[in-house]
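Just so you know, all these numbers are worked out from the coordinates, no wet-lab data involved. Values in this document were obtained by computation on a predicted structure and should not be read as measured data. Positions of Cβ are generated from backbone atoms using ideal geometry, with glycine treated the same way; all protein chains shown enter the neighbour counts.
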Amino acid sequence: MDRRLGECCDGSNVWGINTKINIRLSGKRERVQGLQFASRVTNSEGPEDAVAQKYPGCHARQMKRTTLWAIVVPVLACSLTVAAQEKGIWRAASSTAQSITGDVALSEDKLSINFSGFTMAQIRALEPAELSALFPSEDAAGGSGNLYRLRIPGDKKFLHKNTLCGSEDTQWMATYVVGHSLHLAFFSGQKMPVFTADAIANTTDLCGTFYYVR
């Protein structure tokens, strides 16, 4: 019993046991510290998160989306407003309108001439300079217009057996609206019309311009 007790209480043996315990504990501390460091690296904040914490509600990705919508929404709203001004029934006012189309009506996606409807698609809004080139007698600064794609067959007859573009299909329609007046210009040809003074003066695709009121 004394021998076993002496072995348990021997100074060198106790020191060896303590050394092993300290080594094990040190290893555990290093592993724990390593896990804590990895956790900090994984959860580290990027520049976007720092901005979000410093300025709540101003996350970088959210700011990018907000900026994009700030640009898109006004442009879209302006285009929709212009198109809305064109909608409705218009009474033929010019001699060409009275002799060829008669009264017309525009809806969201359709043009009606002399009780015949034709599907159309809005392509883009026209710039004031383009409107001035197409309708030089009008003050384009006070109005707005759009370019539409449509197809009216060349053999389609309207008032007095007239057609819009002779024997060619009508492919494009430009609008200009201001107050209670509406101007329409029809074009043939597959290519999109160019709205400059030189292009309008030299084109053979312009079928005619028409004037309406309400």
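Overview of values
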{"read-out": "Radius, Kirkwood style, for region 103-214 when every pair of distinct Cα atoms is counted (Å)", "value": "14.3"}
{"read-out": "Rounded to whole Hz, the Karplus (6.51, -1.76, 1.60) HN-Hα couplings of region 182-196, x for glycine and proline", "value": "9, 10, 10, 10, 10, 10, 9, x, 6, 6, 5, x, 9, 9, 10"}
{"read-out": "Efficiency of FRET between MET192 and HIS160 - r from beta-carbon atoms, R0 41 angstrom, step 0.05", "value": "0.85"}
{"read-out": "Extended-chain gain in nm, criterion 0.36 nm per residue less alpha-carbon gap, ALA201 and GLU108", "value": "30.4 nm"}
{"read-out": "Phi to ³J(HN,Hα) by Karplus 6.51 cos²θ - 1.76 cosθ + 1.60 over region 170-177, Hz, x for Gly, Pro", "value": "7, 10, 9, 9, 10, 10, 8, 10"}
